[in-house]
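What follows draws every value from the coordinates through simple rules; no lab data is involved. Remember, it's a predicted structure, so these values are computed and weren't measured experimentally. Cβ: placed from backbone, ideal geometry, glycine included. Neighbour counts: every protein chain shown.
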Amino acid sequence: MPNSLPLIDISPLYQNDDAGWLAVAQQIDAACREWGFFYIKGHPISPERIDDLLSAAKTFFAKSDAEKLRIDITQSEHHRGYGGIATEQLDPTKPSDLKETFDMGFHMPADHPEVLAGKPLRGPNRHPDQLGWAALMEQHYTDMQELAKTLLRAMTIALGIERDFFDVRFNEPISVLRMIHYPPRHTASSAEQQGAGAHTDYGCITLLYQDDAGGLQVQNVQGEWIDAPPIAGSFVVNLGDMMARWSNDRYKSTPHRVISPLGVDRYSMPFFAEPHPDTEISCLPGCSDANNPPKYPATTSVDYLLSRFADTYAYFREQEAV
């Protein structure tokens, strides 16, 4: 078995060609079963868009802590805004992560009924006061959600479920667009501090743009850590825990980590596709039988996500305890 992640050209998903759709679906299915990780090319996100996002991220993360903390995520009731260095601890056996972040989600105005009702993870985005930032990020969030839904439509072919199964469940989703800055490794608090500790993602699928600094590693089925180097023009796609639960582990939610690069800053932009909060996550019809019963109890998108947040964020545990 080759010890590198597959690269899949998804351009047939943007043509009205059933054979092309089936071919891509089969490639995605094989990658999801074997790896839970793959690269995609042939997507509609332009290089110019990526350049604009990288430029905006570098400008934002270079600001003073005081400026960035005007949108401090630990003071947010719905997990939006800036997370400082070591705000997250993805691997409980390691020090908190050597990275800083910006998180946004599906924007709901303060007078939306779900926001007024105090529903978790619902509310307005909290953008920095930076020229052009809000419009750029909101447009990219929308475009990444559409790209995720296109990939999920292809997965429905392999999973044997209705083509619109995910579309209807991703109305007003709790998907997250995140910008991440990883400082160089020499700034770590100890040799044990990693950029992002080993973890699985929480949601359905993740689409990651990474710059050319490197550092992403994926655990293969033998338990070995392999590099997932940057490929120009691509996104890395991986499955999260909700998809593993939906597919009864037919599709893998694979551990991965980031080892901070030496001597350079690293920037990445993951998009975590997560369905409407009330969506039931339970075994799909074709993913169990008498010899392979459902492994996980039914839960909802928001309940599962909140349980994982409590493991990752100290501030979140403190809020829950109040």
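Listed here are the strands (runs of 3 or more DSSP E) enclosed by the range 208-322 that have at least 1 residues being among the charged types (D, E, K, R) and touching an Asp or Glu at 6+ places or on another chain (Cβ under 8 Å): 256-258, 266-273.
Could you say whether any residue in the range 145-161 is in a loop (DSSP other than H, G, I, E, B), touching a Ser or Thr at 6+ places or on another chain (Cβ under 7 Å) and not hydroxyl-bearing (Ser, Thr, Tyr)? Checked the range 145-161: no residue is in a loop (DSSP other than H, G, I, E, B), touching a Ser or Thr at 6+ places or on another chain (Cβ under 7 Å) and not hydroxyl-bearing (Ser, Thr, Tyr).
None of Pro173, Pro124 is within 20 Å of the chain's Cα centre (by Cα) and either free of Cβ contacts under 8 Å to residues at least 12 places away in the same chain or surrounded by 22 or more Cβ atoms within 10 Å (Cβ to Cβ) (or both) except Pro173.
Could you list all residues from the range 32-61 that are without any contact (Cβ under 8 Å) to a residue 60 or more places away in the chain and in contact with a strand residue (DSSP E or B) (Cβ under 8 Å, 6 or more places away or on another chain)? Once the filter is applied, which keeps residues that are without any contact (Cβ under 8 Å) to a residue 60 or more places away in the chain and in contact with a strand residue (DSSP E or B) (Cβ under 8 Å, 6 or more places away or on another chain), the range 32-61 yields only Gly42. Residues in the range 1-49 that are of a type in the set (Phe, Trp, Tyr) and under 22 Å from the mean Cα position of the chain (by Cα) were compared, and the one that is nearest to Glu138 (Cα to Cα) is Tyr39.
In a loop (DSSP other than H, G, I, E, B) and more than 15 Å from the chain's Cα centre (by Cα), is that true of Asp167? Taking the combined requirement at face value, the residue does not satisfy it. If we keep just the residues of the range 62-93 that are assigned to a helix (DSSP H, G or I) and free of Cβ contacts under 8 Å to residues at least 12 places away in the same chain, which is nearest to Thr142 (Cα to Cα)? For the range 62-93, the residue satisfying everything is Gln75.
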